[in-house]
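The values are calculated or read from the model by the stated rules, or taken from the named source; none is laboratory data. All values derive from a computational prediction rather than experimental measurement. Cβ placement follows ideal geometry from the backbone for every residue including glycine, while neighbour counts extend to all protein chains displayed. Keep in mind that these areas ignore ligands, DNA and RNA; they rest on the heavy atoms of the full protein, side chains included. Shrake-Rupley method; radii C 1.70, N 1.55, O 1.52, S 1.80 Å.
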Amino acid sequence: MSAIAKESLLEVCAADTHTLEDYDAERPRWCKGCGDHGVLAALQRVLRKNNVEPENAVAVSGIGCSSRLPHYLNTYGFHGIHGRALPIATGVRLSRPELPVIAIMGDGDCFSIGGNHWLHAIRYNINAVVLVLDNEVYALTKMQASPTTPDGWKTNTTPRGTYLHPLNPLSAVMGMTNVSFLAQTATWLPAHLDETIEKAWDHHGLSFVRILQRCPVFMPTAFGEGGVHFPVVFLEHEDGIPIHPSLLNRGPAQPHDHRNINEAQRVAVTVDPAPMGLLYQNPEVPAYEEIRWQRKAKPDYETFLQRLDAAMDNYTVS
Amino acid sequence: MTRPRRISLPEHTVEIVSDAGEGAQKAAIAFAQLCAKAGNGLWTVEIIPSEIRPPPHTTGSASGNRIRLAERSQVTNAGNLANVVLAFNEMALLSRLQAESLADDVLVLIDDQWATHENENYRVSYRDVVEQFRARGSTILEIPLQRETLRHVEDAQQGKNMFAVGLLCALYSKDVLVLQEVIRKIFKGKSKQVVDLAVKLAGAGYEYGLANLEQCFEINAVPTDVPKVAMNGNTALALGAIAAGFELCSMYPITPATSASHALSDLFEDFGGFVHQAEDEIAAIGVALGASYAGKTALTITSGPGMALKAEFQGLAVMTETPLVIVDVQRGGPSTGLPTKIEQSDLLHALYGAPGDAPKVVLAPSTIEECYYILSVARKIAEEFRMLVIVLSDANLATGQQLFDRPNVFATPPRSQLDLSPVPTNALPYAWDPTTGLSERLIPGQPGGMGVTTSLNHDRDGKACYDAERNKRGHAMRSRKLAALQQTLQRPRVHGAPEGELLLVGWGSTRGAIEEAVDMARGAGHSVSSVHLQFLSPLPPGLKDIFTKFRRVITVELNYSDDPQAPLITEENRRYGQLAWVLRAATLLDIDCFANVPGRPYMPVEILDEAKRILATMDTKSPAQRLTAVEGVS
């Protein structure tokens, strides 16, 4: 490209650059101190950074506190029903693969009622950013145990303490065929959260991100008082999620090759300290919607009619 | 060699049954195509066991087809008691007696190998069943099906069916060369050796028939210039979905709906669409809804149990006013019920299955031909009214084959293009017309239209709200669309005289049988008419007016109702057929029902008998006792 052309293009782009406010819809109604605010801001930053036209992005969610996010994001949004964000997101991608899709779910939403869709979405590997905002509790329905509620914690449905060990979503994801991206971050690490969502946005395929965040109302002491006493280890790789030096106050860094599935599976089963960063990435896994679009014909109207006529011939008897 | 004597007939019904896996279905398909090619009108019904390989030589293993063929090209139903049955063993034969499917004087063609079989149990049961049929007045033709087939192949399992269809070709005086051409087409893709053998066996069966049958039948076709197609209802739905411009069908396997998706899977990609097999029924509708939300109206195809799983998503489609089409190919319920057999038991579920008040459109095709056209209607309504449209087909339409006029595919309109033109930034996602409730939807990608589509209650601006006024408005606007659609519907046509003694009201695949029963009754001087409903929600206009011109109105439905004579059943606690329930509520008239669950289509004679029975009871009552309003309400 000639220097002049490049300069003029940059000028046009500059004129079209969006501001963060362009992605603001109504004022969020989440509780003060809820991590959902931070995820919304991080998403808005990634949209601005990629200069996404607000009308071209679709945010799909299920039901729960975090699933209100599309109400507060000025893109197209679909706030659906409990556990079903991923089928809806799949439908959008299958029919309009030109639209970037972000799916937002909570822990109960994705891992419990939506469990089947979760596992199969990873297998389909649709090209979408999938965020689970995991506060380890059902909050909107007022504190019931979720699959990730810690051992022995008391909730309204487990007043004498939970009965089962919490689910490890990371190892479940790493057990699925076709997994192409897995990362973990936390809302009390805002810079790491931003970098993780950016990495997820740039990935081609289903980028699954588990975001740890405390519920300030029902689980204020979770995650070691919201990260203060929560042991983490940062996964370090030159192509991984950058580790700002300040993060090392929270926990040590550990070399990790996110392209090695066996290593990723090994890290995924560790819960203490919690691995933070990019566990796994394989950009070579084809996206389901692209497989389907490549295989279908794009007949013009005349051809369409001729083919329908030919199909009818197969059933014509006289 | 003396040729069999020919008997000319206007129509006949023949059944072919074998153990599952012995190929009676394939024989029947070949025979049906042979008749269709000759120009005979026909209607076929599959006889399908619920398992793939049930224990052989049992009534539960019977697999095959019923074929009604006629001189006239228009055959609208599966007919009455069968005139001919060709059975590969006596248990398959017995199963058709148990299904109450055979005439007393049915001509039975049965493989005679069991008479001398080494297994004594088979010998005994063969003798017993054959005697039972003789005692009923049947004619038994014992055919050396196994022995004759073994003259050409080593394993008779792989060829008896072709010998059998050759025999039927002789029995119905059809052209064996046409049959062999049909067989070559059916076996397309198989090795030359297999195809040649099938053709040879059909020829052998035909020659055997000519040499050994004393009499044969001739059902001449009335010539027609209009090109005809023969297909089953699920194939018609698949082709209809393509013609309607759908680009995505999202489904999960379920009997008896799946073959529609098979037919669509075969073709759809060549037409720029695809079938997505989802991980479950819920995801299947979710993907369709997501695609529709994104601007490409999609459909999902299922059956009763799948409808139950899709109920929450139905509510979501209604609440968000996302156009969506669901096809429910009904089967016997509740629960797993009778997976391969017909019932019309999902009407109330379709109308009321979703939680909350969820107004939606419910349509029912009444013929296989209508299965082809109905998805264009469904899609148009779904998009123009932003509504959920449920199409209720059933196992009878799904697997039966009917001859009908070849659709003019060149009249198919071009697929609509996405309109992504910008809208003002304050454009309302639900700019409800206060009279009709109608509004234009905004589609992702349209500049200025950004905003959330939510399952929560919302107002014109699409934003969640919880107050009484805006909740009431949302409900009223979603409901009003049904009234707006109802205003565009035509008053249904009455088959027979517009007034009289008895009116039969049907919906779905029972149409042909009901109208044939009405014609028989009227021919015998009875005052019976019928009306058939294609719209179940909204109901078409003029029903009360039509009903009150008759002394009695009963619905004819293939679903359960309490027998008024059964123990404990009273006027107060009797449960009615589902359409009767709906019509009683809608008209406040005392509408009764002939609603039963035989797991097969009604025969016209059964409906005729019921009509005569009702007319007889009416005669004993005062003539002044007209159809009255339900007591206590005026």
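Determine the order of B:178, B:518 by accessible area, beginning with the largest, at a probe radius of 1.4 Å.
Largest accessible area first, the residues go B:178, B:518.
A drop of at least 10 square angstrom in accessible area, chain alone versus all protein chains together, probe 1.4 Å. Which residues of region A:87-101 meet that?
Residues losing area: A:87, A:88, A:90, A:91, A:92, A:94, A:95, A:96, A:99.
What residues in region B:388-434 lose 50 Å² or more of accessible surface when the other protein chains are added to their chain alone (1.4 Å probe)?
Listed in order, they are B:406, B:409, B:410.
Within 10 Å of each Cβ in B:203-215, how many Cβ atoms from other chains are there, averaged over the peptide?
0
Take residue B:155 and residue B:215, extend 7 Å from each Cα along the Cα→Cβ direction, and tell me the distance between the two endpoints in nm.
That separation, rounded to one decimal, is 4.0 nm.
List the equivalent ellipsoid semi-axes of region A:178-287 in whole Å, largest first, each obtained as the square root of 5λ for an eigenvalue λ of the Cα gyration tensor.
Rounded to whole Å, the semi-axes are 23, 15, 13.
For region B:230-407, give me the percentage of DSSP beta bridges that are antiparallel, rounded to the nearest 5 percent.
Here the antiparallel bridges make up roughly 15 percent for region B:230-407.
Can you compute the FRET efficiency between residue B:185 and residue A:269 using 1/(1 + (r/R0)^6), with r the Cβ-Cβ distance and R0 = 60 Å? Round to the nearest 0.05.
Working from the Cβ atoms, E equals 0.55.
Once phi is turned into θ = phi - 60°, what whole-Hz ³J(HN,Hα) does the Karplus curve with 6.51, -1.76 and 1.60 give for every residue of region B:32-49, x standing for Gly and Pro?
So the J values, rounded to whole Hz, are 4, 5, 4, 5, 4, 5, 6, x, 5, x, 8, 9, 10, 10, 6, 10, 10, x.
Solvent-accessible area per residue for the protein assembly as shown at a 1.4 Å probe radius, Å²?
So the protein assembly as shown comes to 40 Å² accessible per residue, rounded to a whole number.
Go from 0 up to the bin containing the longest alpha carbon distance in chain B, width 10 Å each, and give me the % of pairs per bin.
So the P(r) values, bin by bin, are 3, 15, 24, 24, 18, 11, 4, 1, 0.
Which FRET efficiency, nearest 0.05, do residue A:50 and residue B:411 yield, Cβ-Cβ r, R0 45 Å?
0.45
Which shape class applies to region A:18-313: rounded if a/c is under 1.5, otherwise prolate when a/b exceeds b/c and oblate if not, where a ≥ b ≥ c are the square roots of the Cα gyration tensor eigenvalues?
It is prolate, given that a/c is not under 1.5 and a/b is the larger ratio.
Work out which residues of region B:282-304 lose at minimum 30 square angstrom of accessible surface when the other protein chains are put back, relative to the chain isolated, with a 1.4 angstrom probe, and list them by number.
Correct list: B:282, B:287, B:290, B:293, B:294, B:296.
For B:509, A:246, write out the residues from largest to smallest accessible area, computed with a 1.4 angstrom probe and no ligands counted.
Reading off the accessible areas and sorting them downward yields A:246, B:509.
Rank these residues by their accessible area, most exposed first, probe 1.4 Å: B:270, B:112.
B:270, B:112
Per q in 0.16, 0.20, 0.26 Å⁻¹, report the Debye log10 I(q)/I(0) for region B:28-69, using one uniform scatterer on each alpha carbon and no solvent.
-0.49, -0.64, -0.81
Based on the alpha-carbon set only, what is the convex hull volume of region B:362-421 divided per residue, in Å³?
Output value, Cα hull per residue: 102 Å³.
Can you give the Kirkwood hydrodynamic radius for region B:103-170, in Å, rounded to one decimal and based on Cα pairs?
Over region B:103-170, the inverse of the mean reciprocal pair distance is 12.9 Å.
Hey, what do the phi angles of region B:148-153 turn into as Karplus ³J(HN,Hα) couplings, whole Hz, using 6.51/-1.76/1.60 and θ = phi - 60°, x for Gly and Pro?
Working through the residues one at a time gives 5, 5, 5, 5, 10, 9 Hz.
Total Å² of accessible surface buried at the A-B contact, 1.4 Å probe, nearest 100?
Buried surface at the A/B interface: approximately 5400 Å².
Report residue A:66's accessible area, 1.4 Å probe, all protein chains in place, as a number in Å² to the nearest 10.
The accessible area of residue A:66 comes to roughly 10 Å².
At 222 nm, what helix-only mean residue ellipticity would chain A give, in deg cm²/dmol to the nearest 500, using -39500 (n - 2.57) for each DSSP H run of four or more?
Helices in chain A give a 222 nm mean residue ellipticity of -10000 deg cm²/dmol.
Using a/c under 1.5 as the rounded threshold, could you call region B:5-218 rounded, prolate or oblate? The axes a ≥ b ≥ c are square roots of the C-alpha gyration tensor eigenvalues, and prolate needs a/b larger than b/c, oblate otherwise.
rounded
If you plug each phi of region B:530-543 into the Karplus form 6.51 cos²θ - 1.76 cosθ + 1.60 with θ = phi - 60°, what whole-Hz ³J(HN,Hα) values come out, in order, with x for Gly and Pro?
Values per residue, Gly and Pro as x: 9, 9, 10, 9, 9, 9, 9, 8, x, 6, x, x, x, 5 Hz.
Rounded to the nearest whole Å³, what is the per residue volume of the convex hull around the Cα atoms of region B:494-619?
Normalising the Cα hull of region B:494-619 by residue number yields 105 Å³.
Which whole-number percentage describes the relative contact order of chain B, with Cα contacts under 8 Å and a sequence gap of 6 or more?
11
What accessible area, in Å² to the nearest ten, does a 1.4 Å probe give for residue B:593?
10
What Kirkwood radius, in Å to one decimal, follows from the Cα pairs of the protein assembly as shown?
31.2 Å is the Kirkwood radius here.
Can you give the accessible area of residue A:196 in Å² (nearest 10), computed on protein heavy atoms with a 1.4 Å probe?
Approximately 0 Å² for this residue.
Where both partners of a DSSP beta bridge lie in chain A, what percent of those bridges are antiparallel, to the nearest 5?
20
Decide, for region B:423-488, between rounded, prolate and oblate: order the square roots of the alpha carbon gyration tensor eigenvalues as a ≥ b ≥ c, take rounded if a/c falls under 1.5, and otherwise choose prolate if a/b is larger than b/c, else oblate.
oblate
Can you compute the modelled spin-label distance between residue B:609 and residue B:116, with each label point 7 Å from Cα toward Cβ, in nm?
If labels sit at residue B:609 and residue B:116, their model points lie 4.0 nm apart.
First compute the accessible area of the protein assembly as shown with a 1.4 Å probe, then give the percent of it belonging to carbon and sulfur atoms.
52
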